[in-house]
Amino acid sequence: MPTDPAAPTPAPAEAARPHAARLGLGTAAVGRPGYITLGRADDLPAERTVEALRERTHALLDAAYAAGVRYFDTARSYGRAEEFLAQWLAEHPEAAAEVTVGSKWGYTYTADWRTSGVTAHEVKEHSTAVYERQIRETRALLGPHLDVYLVHSVTADSPALTDPALHERLAGLAAEGVRVGLSTSGPAQADTIRRALAVTVDGRPLFAAVQATWNLLETSAAPALAEAHRAGWLVVVKEGMANGRLAGRNATGPDTAPLRTLATRTATTPDALALAAAAAQPWADIVLSGAATLDQLASNLTAAEAVLTPDDLALLATMAEPADAYWRTRSSLPWA
């Protein structure tokens, strides 16, 4: 294990090969008609109706489960993603007994199933009132299948880190057996995670899970994620494809040249290498695929077969950008 947790390099004598069970499926791209993943016009049905995206979500869940994926991620703000997942679980009781389901609260979906003419697709508020409303909504859909519940997109100034009343409510949920945690975003993810590690209720740590952005372009949270892993937290990697920037069709600029070089040399797709690099991190428990098509999912899941040597990972590590620059680019991506 490397001494520097930020360096995406396993022990020198080892090559990294993730297992399919370490890969998860996220539903952000298919639970609503609009999102910020590049190339959505090519990925989704021409008519992005509720029924069309329900069918697509269920097909992806079927394929992921059949391939060995056992972690499914959703959120209150992903349009009707919780609903779609709940329906799939009800139709597949044998799978429901095996999978881990994570959801998130703190954003309210406001786009009303539109992709244009929308002032805000989602509105963030980390208050006790929003928590109480959204946990009821989540429970109404997912019921006993809710295993992990995260405060959505926490930043260092969020009241989710300082509000004692909210902490008491979250501790109550944890006492029911749900793993309580947070997702993070922005260039100060590491600071947010460390602040969350220090939050206690009645002398006990409150949070036990984190979902953070880590990819070959944005590696800044790695040291803090290693600390969370050592503390016993579940660590889930999101945006391993950098909202599509690391997909083969988009990985065309000089910033992704190392990824293309390695993909050519190993006859592997860029997306699989990007996810395999995330899964190679010693602190990463689950790495999410955000696939919107069956072909994308099949390609993503070949990450479980990819073997990355220390030299491969060192080459890919050269792609990392300054965190501020990465998040500026991300904030400029259009909802489509």
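Which members of segment 314-336 meet the condition of being loosely packed, with under 15 Cβ neighbours inside 10 Å, hydrophobic (A, V, I, L, M, F, W, C) and modelled with pLDDT under 95?
Of segment 314-336, the ones loosely packed, with under 15 Cβ neighbours inside 10 Å are 314, 318, 322, 324-325, 328, 331-332, 334.
Remaining after also requiring hydrophobic (A, V, I, L, M, F, W, C): 314, 325.
Across segment 314-336, there are no qualifying residues.
Within segment 49-62, restricting attention to residues that are buried (at least 18 other Cβ atoms within 10 Å of the Cβ) and not hydrophobic (A, V, I, L, M, F, W, C), which residue is farthest from ALA298 (Cα to Cα)? Spell out the reasoning first.
Quick first cut of segment 49-62, residues buried (at least 18 other Cβ atoms within 10 Å of the Cβ) only: 53-54, 56-57, 60-61.
Restricting the remaining residues to those that are not hydrophobic (A, V, I, L, M, F, W, C) gives 54, 56-57.
Details: ARG54: 19, ARG56: 14, THR57: 14 Å.
Across segment 49-62, the extreme among qualifying residues is ARG54.
Among (1) open to solvent by less than 50 Å² (accessible area, probe 1.4 Å); (2) more than 19 Å from GLN211 (Cα to Cα), which single condition is LEU275 missing?
Every condition holds for LEU275 apart from (2).
From the list ALA272, ALA222, ALA209, pick out the single residue that is in contact with a strand residue (DSSP E or B) (Cβ under 7 Å, 6 or more places away or on another chain) and farther than 18 Å from TYR35 by Cβ.
Details: ALA272 fails: in contact with a strand residue (DSSP E or B) (Cβ under 7 Å, 6 or more places away or on another chain); ALA222 fails: in contact with a strand residue (DSSP E or B) (Cβ under 7 Å, 6 or more places away or on another chain).
On inspection, the qualifying residue turns out to be ALA209.
When you scan segment 67-78, do you find a residue that is of a type in the set (Gly, Ala, Ser), free of Cβ contacts under 8 Å to residues at least 24 places away in the same chain and open to solvent by 20 Å² or more (accessible area, probe 1.4 Å), even just one?
The answer is no; no qualifying residue exists.
When the residues of segment 18-41 are narrowed to those that are within 20 Å of ILE286 (Cα to Cα) and at pLDDT 95 or above, which ends up surrounded by the most Cβ atoms within 10 Å (Cβ to Cβ)?
Only one residue fits best here, namely VAL30.
Only one of THR261, THR256, THR266 is over 30 Å from VAL178 (Cβ atoms), β-branched (Val, Ile, Thr) and open to solvent by less than 10 Å² (accessible area, probe 1.4 Å). Can you tell me which? Before you say what the answer is, go through the steps one by one.
Numbers: THR261 fails: open to solvent by less than 10 Å² (accessible area, probe 1.4 Å); THR266 fails: open to solvent by less than 10 Å² (accessible area, probe 1.4 Å).
So the residue among THR261, THR256, THR266 that is over 30 Å from VAL178 (Cβ atoms), β-branched (Val, Ile, Thr) and open to solvent by less than 10 Å² (accessible area, probe 1.4 Å) is THR256.
If we scan segment 255-268, do we find a residue that is within 30 Å of ASP191 (Cβ to Cβ) and modelled with pLDDT under 95?
Here is the first cut: in segment 255-268, the ones within 30 Å of ASP191 (Cβ to Cβ) are 255-256, 258-259.
Checking the rest, the ones that are also modelled with pLDDT under 95 come to 255.
Yes, segment 255-268 contains a residue that is within 30 Å of ASP191 (Cβ to Cβ) and modelled with pLDDT under 95.
Which of the residues spanning segment 116-133 are in contact (Cβ under 8 Å) with a residue 40 or more places away in the chain, farther than 19 Å from PRO164 by Cα and not in a loop (DSSP other than H, G, I, E, B)?
If the condition is that a residue be in contact (Cβ under 8 Å) with a residue 40 or more places away in the chain, farther than 19 Å from PRO164 by Cα and not in a loop (DSSP other than H, G, I, E, B), then GLU122 is the only one that fits.
Can you name every residue in segment 100-115 that is free of Cβ contacts under 8 Å to residues at least 60 places away in the same chain and either open to solvent by less than 20 Å² (accessible area, probe 1.4 Å) or not in a strand (DSSP E or B) (or both)?
Selection gives VAL101, SER103, TRP105, GLY106, THR110, ASP112.
The values are calculated or read from the model by the stated rules, or taken from the named source; none is laboratory data. From a predicted model like this one, the values you see are computed outputs, not experimental measurements. Glycine also receives a Cβ, built like all others from the backbone with ideal geometry; neighbour counts cover every protein chain displayed. Heads up: the accessible areas ignore ligands, DNA and RNA and are worked out on the full protein's heavy atoms, side chains in. Shrake-Rupley method; radii C 1.70, N 1.55, O 1.52, S 1.80 Å.
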